[in-house]
1. Residue by residue through region 11-35, note down the ones that are in contact with a Leu (Cβ under 6 Å, 6 or more places away or on another chain) and under 17 Å from LEU166 (Cα atoms).
2. Scan region 70-92 and give yes if some residue there is among the acidic types (Asp, Glu) and in a helix (DSSP H, G or I), otherwise no.
3. Do you know which residues across region 234-268 are out of contact with any helix residue (DSSP H, G or I) (no Cβ under 6 Å at 6 or more places or on another chain) and part of a helix (DSSP H, G or I)?
4. Within region 280-292, which residues are farther than 12 Å from LEU70 by Cβ and not hydroxyl-bearing (Ser, Thr, Tyr)?
5. Can you give me the number of residues within region 7-33 that are at pLDDT 90 or above and either surrounded by 24 or more Cβ atoms within 10 Å (Cβ to Cβ) or over 22 Å from SER174 (Cβ atoms) (or both)?
6. Can you pull out every residue in region 197-229 that is part of a helix (DSSP H, G or I), open to solvent by 40 Å² or more (accessible area, probe 1.4 Å) and under 19 Å from ALA76 (Cβ atoms)?
Amino acid sequence: MWSEKIPQARLWAWIFAAMTAPAAYLAGRSGWPGYGLAALVCLLLAWGVTALGHMPGKWLACLQFLWLALTVGELAKWLTPCWPTAEGSPLLSLSLLTLAAVAVSQGAAKTSRAGSILFWFLAGLFALVLGAGAKDLRGEYLAPSWDLPPMEIVAIFLLPAAAVFLPREKSAGSPLALAAIGAFGFACGVWTLGILSAGVARQEVLPFYTFSKSLSLFGVAERFEALVSAGLTMGFFALYSFLLAAAGYLAECVRPGWGGGGTILCGALAAFWFLLSLALPEGVLSIGTLLLLVLAPLVPWRKNLKKTEKSA
């Protein structure tokens with residue numbers, strides 16, 4: 001169950017689905033040049049990790065496991081603004097975390113099938129939303145602005161690096177998938193700014209949702225915000241399940257047979273952090289993700305540990 005390899009195409013379809021929600025969530029929070037450049041650099045780093053990264057030793061795996069739980073707990077807060085009518089209720093986030101943890105507890109290979117199916121739904125849904133908004137883009141709203149993007153962009157676009165912890169088939173498919181993720185995030189940013197304007201977008205909690213409320217198709221007003229809320233929910237489910245799956249395999253790295261329980265534990269820790277409603281200092285999520293999910297996997301810890309044991 002925990003040793004079954006995930007086909008490359010299915011894995012990256014799952015990761016694309018997982019990245020749609022946070023990419024749309026961050027759209028419009030800074031000028032499109034900075035957003036696009038930050039996303040590009042981070043995705044290149046993530047690609048390097050998936051191509052060259054190593055599984056960690058036990059102690060490092062424990063730290064990475066805890067970091068993934070903290071990350072999922074932080075991202076659980078992002079679901080709340082997607083449903084304004086819920087009036088800040090934590091039940092939706094807790095329900096989605098529970099569903100994701102239970103689904104992944106049987107192994108990532110099974111959950112990746114659901115993630116790859118979500119890919120097709122989300123690709124069609126967001127293509128419809130962006131297509132409906134294309135006619136409303138205003139060039140004067142898209143003047144380049146080189147303000148610094150929010151630090152969360154670094155953490156989000158480094159998350160595909162967590163694929164290094166999953167048992168997967170090796171192939172050259174990931175660069176194309178990462179390029180598609182970057183293009184999607186860039187399009188969301190451009191559409192949000194090009195329709196709302198930078199001034200309006202930065203006053204909104206979730207600018208992408210706000211821009212979807214003004215859309216129409218063939219001149220007929222539609223409830224696109226309901227579609228966007230549903231799409232963001234599906235995307236966050238894919239994201240939570242992907243990160244919890246990575247945590248499960250880190251638990252397997254610590255001790256074989258711990259994968260299922262580790263997934264449930266990670267989900268429970270994430271829910272606990274979410275309920276505490278504590279806020280991390282700005283930049284901490286990005287710095288921790290860079291250190292533990294990007295730099296640490298590039299060091300062959302297990303090989304170094306074996307050499308140390310032999311020399312001792």
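The values are calculated or read from the model by the stated rules, or taken from the named source; none is laboratory data. Just so you know, these numbers come straight off a predicted model, no measurement behind them. Please note: Cβ atoms are built from the backbone with ideal geometry, for glycine as well, and neighbour counts cover all protein chains shown. What goes into the accessible areas is simple: the full protein's heavy atoms, side chains included, and nothing from ligands, DNA or RNA. Shrake-Rupley method; radii C 1.70, N 1.55, O 1.52, S 1.80 Å.
1. Within region 11-35, ALA17, ALA18 qualify.
2. Looking through region 70-92, at least one residue is among the acidic types (Asp, Glu) and in a helix (DSSP H, G or I).
3. Answer for region 234-268, where residues must be out of contact with any helix residue (DSSP H, G or I) (no Cβ under 6 Å at 6 or more places or on another chain) and part of a helix (DSSP H, G or I): GLY260, GLY261, LEU265, ALA268.
4. PRO281, GLU282, GLY283, ILE287, LEU290, LEU291
5. The total comes to 16.
6. Result: no residue meets the conditions.
Listed here are the residues, each with its yes/no results for (1) free of Cβ contacts under 8 Å to residues at least 40 places away in the same chain; (2) open to solvent by less than 50 Å² (accessible area, probe 1.4 Å); (3) out of contact with any Phe, Trp or Tyr (no Cβ under 6 Å at 6 or more places or on another chain).
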residue	(1), (2), (3)
LEU96	no, yes, no
LEU99	no, no, yes
VAL102	no, no, yes
ALA109	no, yes, yes
GLY124	yes, yes, yes
ARG138	no, no, yes
